[in-house]
Amino acid sequence: MTKRPNEKNERLKHSFLEYRKFARQLSEKTLDREIAALERFDVWNGRKDFARFHIRQAMGFRTYLEQSKTKTGRPLGKSTMRSVLATLREFILWLSQQDGFRSRIKAADADYFNLSRRDEAEARAAPPRPAPSINQAKRALALMPSTTPQQLRDKAIFALLCLTGVRVTALVSLKIKHVDLQEQSVTQNPREVATKFGKVIYTFFAKGFEEAETALAEWITHCDEVALYGPDDPLFPATAIAAKSNSGFEADGFTRGHWKSTEPVRKIVRIAFETAGVPNYGPHAFRHMLARHIAKNCTSVAELVATSQNLGHTDVLTTLRSYGQISREDQRKLVTGKTDV
């Protein structure tokens, strides 16, 4: 039976999370993960007073994580272990600097919440990220119907993902005024668009996607001339649902508001790829598609840097390490210069 929470520990956890939120400026999503990590350790440790912390507890907790299983019965992933231990490391380091704890806990004690070098390397290794090819994305786009207003909108969503690889959370929060067809750009202003880390991101259309530009332009023209939307209206308004007397609920035009989740966009993308006979890829896969294409075909470092900025990456190494993965076959061709086996 799990022991009741230790009041002293709960106060310390609360103070630590306030520090992480306001001093370290962490997001609510990250804080939720840190709360879970602290609770995991606290429960495992029998709710013992944090003032009695000893490095043996850190070593024992790491062993516990190594032996833990997921809900499906698989071993806990190294990246998950790394994330949990990182939170505990930061917590003990913070605790060592608090009044009443300086003489009991040393900053070096936090180092015991580390993975082995081998596990650390495995945790940091970028897993293979499936992504469509440019031709697969073009085929899926070409097969999308565009007869009804809803089909026009759905095709424009797929088109914008092809052109920019914009993050799906940003996509559902875009307004019409954020897209400039003449300049071929999307301005992601964090005051109005849900960008990662609240960054301003200037995104331009990738070359070679004329069909996507046409689909996007047709939708924006419909919004302007038929739906009579203004610049501050959602670029991709949510579907309105109306009650029907005999058939329950069904789509009935659009609301004048943004979608409240990203699930509708994921469904649109999934159906488009399924119709084209292409494996199911999520909206985030377009970012990998564009990054890999430019990594493979760019003719200058500047072109690679420009693509990195286009994706909203602060560091071009992020683009290369996490998105610009090259297949084993392409790696062989580039290194050996040979196209045959």
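Values quoted throughout were computed directly from the atomic coordinates according to the rules given, and no laboratory measurement underlies them. Keep in mind that this is a model prediction, so the values were computed, not measured. Using ideal geometry, Cβ is built from the backbone for each residue, glycine included, and neighbour counts are taken over all protein chains shown.
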On a 30 Å Cα-Cα criterion, which of the cross-link pairs 29/71; 48/199; 69/138 come out too long?
48/199; 69/138
Contact order relative to length for region 134-288, counting C-alpha pairs under 8 Å separated by 6 or more residues, stands in percent at 30 percent
Could you pull the Cα extents of region 134-288 along its three principal axes, largest to smallest, in whole Å?
47, 37, 30
Stretchable slack from residue 182 to residue 99, in nm (0.36 nm times residue separation minus alpha-carbon distance)
23.9 nm
Ranking of 144, 59, 289 by count of other Cβ atoms within 10 Å, fewest first:
59, 144, 289
Along the Cα→Cβ direction, 7 angstrom out, place labels at residue 214 and residue 143. What is the inter-label distance in nm?
1.9 nm
Computed from these coordinates, which is mean projected area of the Cα convex hull in nm²: [x] 15.7; [y] 24.5; [z] 23.5?
[y]
Okay, which of region 148-184 sit inside 15 Å, backbone N to the point 7 Å along the Cα-Cβ direction of residue 191?
175, 177-178
Taking amide H positions as placed in the peptide plane 1.01 Å from N, state which residues far from residue 175 in sequence (5 or more) or on other chains have amide H under 5 Å from it.
235
Trypsin sites (Lys or Arg not before Pro) restricted to DSSP loop in region 1-36 with at most 15 other C-beta within 10 Å:
3, 24
Considering Cα pairs under 8 angstrom that are at least six residues apart, work out the relative contact order of region 7-124 and quote it in whole percent.
25 percent
What FRET efficiency, computed as 1/(1 + (r/R0)^6) with R0 = 25 Å and r the Cβ-Cβ distance, is obtained for residue 3 and residue 74, rounded to the nearest 0.05?
0.30
Positive end of the dipole of the chain, charges at C-beta (+1 Lys, Arg; -1 Asp, Glu), about the Cα centre: which of 63, 156, 277 has its Cα farthest in that direction?
63
Between residue 204 and residue 21, what is the FRET efficiency for a Förster distance of 35 Å, r being their Cβ-Cβ separation, to the nearest 0.05?
0.50
Under 16 Å from a label point 7 Å along Cα→Cβ of residue 118: give me every residue in region 56-92 with its amide N that close.
63, 66-67, 78-79
If I take every Cα pair under 8 Å that is 6 or more residues apart in the chain, average their sequence separation and divide by the length, what percent do I get for the relative contact order?
14 percent
Summing -39500 (n - 2.57) over every DSSP H run of at least 4 in the chain, dividing by its residue total and rounding to the nearest 500, the 222 nm mean residue ellipticity is -14500 deg cm²/dmol
Calculate one ³J(HN,Hα) per residue across region 282-297 by plugging θ = phi - 60° into the Karplus curve 6.51 cos²θ - 1.76 cosθ + 1.60, and present them in order as whole Hz with x for glycine and proline.
x, x, 5, 5, 5, 5, 5, 4, 5, 5, 5, 4, 6, 4, 7, 10
Contour minus end-to-end for residue 125 and residue 309, with contour as 0.36 nm per residue of separation and end-to-end as the Cα-Cα distance?
63.9 nm
Loop-only check: which trypsin sites (Lys or Arg not before Pro) in region 60-129 are DSSP coil with at most 10 other Cβ within 10 angstrom?
71
